[in-house]
Each structure stands twice: as structure tokens, then as C-alpha cells.
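See structure below.
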Amino acid sequence: MRKLIVKLMVVQADTEFASIQQHRPWLDQAPTLEDRWIEARIVADEARHGLQACRILRDFGEEGQKFIDELLAKREGEHKLDAFNMKFDRWADVGAFTCFVDRVGVYQLRAFQECSYGPLARAMPLMLSEEQLHLNFGFSVLKRIVKDGAKYADSKALAQKAVQKWYPRALDMFGHSNSETSRKAIEMGLKRWTNEEARAKYLQEITPLVASIGLELPSPDFDRHVP
Ligand SMILES: [Fe+2]
Ligand SMILES: [Fe+2]
């Protein structure tokens with residue numbers, strides 16, 4: 001169980017630190033003042049989430065500290081999951097990333113709610129409420145671009161392109177359908193859902209949401225790297 005918690009927290013912290021690197025250029029490039037402020041808040045939240053995951057690692061002594069040192073040394077492009085090695089080339093990428101990728105993060109965190117390891121379970125409520133802001137922001141960015149693309153230096157076609165770019169990477173984040181790690185995590189009471197169950201819930205939520213703003217989702221098999 002100890003090994004598994006360490007493994008899960010290393011991946012968790014890696015995503016938090018990576019997204020800081022991805023958001024960073026937009027702190028002073030986002031189109032409106034409000035957007036810049038929310039970008040700054042997201043960066044602060046992700047730093048806090050990384051810290052929280054590392055605090056759990058720290059409880060495991062030297063072994064945990066070794067992983068923390070490695071995590072802090074990682075540069076852009078060196079992260080574990082593909083979604084966190086891609087750049088935000090335009091504003092629509094910021095919207096699609098927070099709408100699609102942060103939403104997967106919420107499912108991963110919800111899977112840890114009421115988990116059998118106390119320090120992890122107790123970290124969830126605050127992290128979840130902060131993540132909720134991120135994905136609502138992402139949705140509103142995409143919605144604004146679709147409605148009034150020119151004003152935000154992006155257009156509906158670029159928003160659709162961002163959907164094609166981030167949606168497959170978001171679906172990949174749930175992990176392999178027959179993952180041994182996920183099976184073990186459920187057995188030990190660390191997680192509530194298998195990768196496939198979580199992915200199915202996500203699809204149910206995201207499909208009508210994207211349609212409601214006039215964008216289209218590609219098929220769930222499109223451009224997938226992790227089956
Ligand atoms: Fe986060
Ligand atoms: Fe987030």
C-alpha cells in the first residue's frame with residue numbers, strides 16, 4: 001500500500017508542477033485583466049496541490065524526499081503524462097486544457113475521496129473546490145471564444161482545433177483500461193473507480209457540455225495513445 005501511495009502521489013505532484021510551467025506564459029498574455037488574475041490563481045492553486053501531494057510523500061521519509069527532489073528538477077517536456085508535455089500555443093489551448101484536462105484531474109481526485117489513507121482523504125475537499133474553479137474557467141474561455149472569437153484573439157475554428165488537441169490526451173489520462181495499479185488501488189480502498197469507470201463518467205459529463213457551446217467532440221478513439 002505504501003508503494004502504491006508513493007506511486008500515485010508522484011504522478012499527482014508531477015501533473016501539478018507541470019501545469020504551472022504550461023500556464024506560466026499566460027500570466028501576462030491572457031486577453032483580459034480578469035483572465036490574468038484567474039491564471040495567477042490557477043498557478044497558485046496548482047503549486048499548493050503539488051505541495052500537498054509532496055507533503056504526503058514527505059511522510060514516507062527519505063524515500064519520499066528522493067522523489068520530491070526529482071519532481072522539482074523536472075523541466076518542460078520531461079513529465080510523465082503527454083497532456084503535461086504540450087504547450088499552450090494559443091488562448092484556446094488554455095481554455096481546452098482547463099476544461100478537459102483539469103476535469104480529468106477532478107475525477108482522479110474524486111476517486112480518492114473517502115479513501116482508506118487518511119492524509120490523502122483529508123486533502124481532497126479543498127483541492128476539489130479549487131479544481132472546480134479551473135474547469136469552469138476553461139469552459140467559459142471556450143464559450144467566449146466561440147461567441148466572440150475576434151475579441152479574444154482566437155476564433156471558433158481554433159477552439160475546435162484545441163478540442164481535437166486536448167480531448168484525446170485527456171481521455172488517455174485515465175490510464176489503461178486493464179490497469180493492474182488501478183485494480184490494486186481499488187482493492188486497498190485507495191480509489192473508488194477503475195480507469196474505465198471513471199472515463200465513462202467523464203464522457204457522460206463532457207459530451208453534452210461541449211455540444212452546448214457549438215463545438216464537436218471527436219470519437220473517443222480518435223488519436224488515442226493509451227487504449
Ligand atoms: Fe491541481
Ligand atoms: Fe487545476
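Quick notes on this structure:
- Consider segment 49-85 and keep the residues that are on the phi < 0 side of the Ramachandran plot, outside any helix (DSSP H, G or I) and away from ligand 1 (no atom under 14 Å from the Cβ). The one that is least open to solvent (accessible area, probe 1.4 Å) is Phe60.
- Meets criteria (over 14 Å from Arg110 (Cβ atoms), part of a loop (DSSP other than H, G, I, E, B) and among the hydrophobic types (A, V, I, L, M, F, W, C)) for Val210: no
- Condition broken by Ala153, with the remaining ones in (1) hydrophobic (A, V, I, L, M, F, W, C); (2) at pLDDT below 95; (3) over 18 Å from Phe88 (Cα atoms) satisfied: (3)
- Residues that are within 16 Å of ligand 2 (Cβ to nearest atom), surrounded by 14 or more Cβ atoms within 10 Å (Cβ to Cβ) and in a helix (DSSP H, G or I) within segment 27-47 comprise Asp35, Ile38, Glu39, Ala40, Arg41, Ile42, Val43, Asp45, Glu46, Ala47, listed in sequence order.
Residue-by-condition table, conditions (1) open to solvent by less than 10 Å² (accessible area, probe 1.4 Å); (2) closer than 20 Å to Asp223 by Cα; (3) in a helix (DSSP H, G or I); (4) within 14 Å of ligand 1 (Cβ to nearest atom):
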residue	(1), (2), (3), (4)
Ser129	no, no, yes, yes
Leu133	no, no, yes, yes
Ala150	no, no, yes, no
Tyr202	yes, yes, yes, no
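- Test: Asn195 is without any contact (Cβ under 8 Å) to a residue 24 or more places away in the chain and surrounded by 18 or more Cβ atoms within 10 Å (Cβ to Cβ): yes
- Among the residues of segment 161-195, those identified as more than 20 Å from Lys80 (Cβ to Cβ), under 18 Å from the mean Cα position of the chain (by Cα) and part of a helix (DSSP H, G or I) are Ala162, Val163, Gln164.
- Matching residues, segment 66-117, being within 12 Å of the chain's Cα centre (by Cα), acidic (Asp, Glu) and away from ligand 2 (no atom under 13 Å from the Cβ): Asp82
The values are calculated or read from the model by the stated rules, or taken from the named source; none is laboratory data. As the structure is a prediction and not an experimental result, all values here were calculated from the model. Note that we place each Cβ from the backbone using ideal geometry, even for glycine, and neighbour counts take in every protein chain shown. For accessibility, only protein heavy atoms count, side chains too; no ligands or nucleic acids. Shrake-Rupley method; radii C 1.70, N 1.55, O 1.52, S 1.80 Å.
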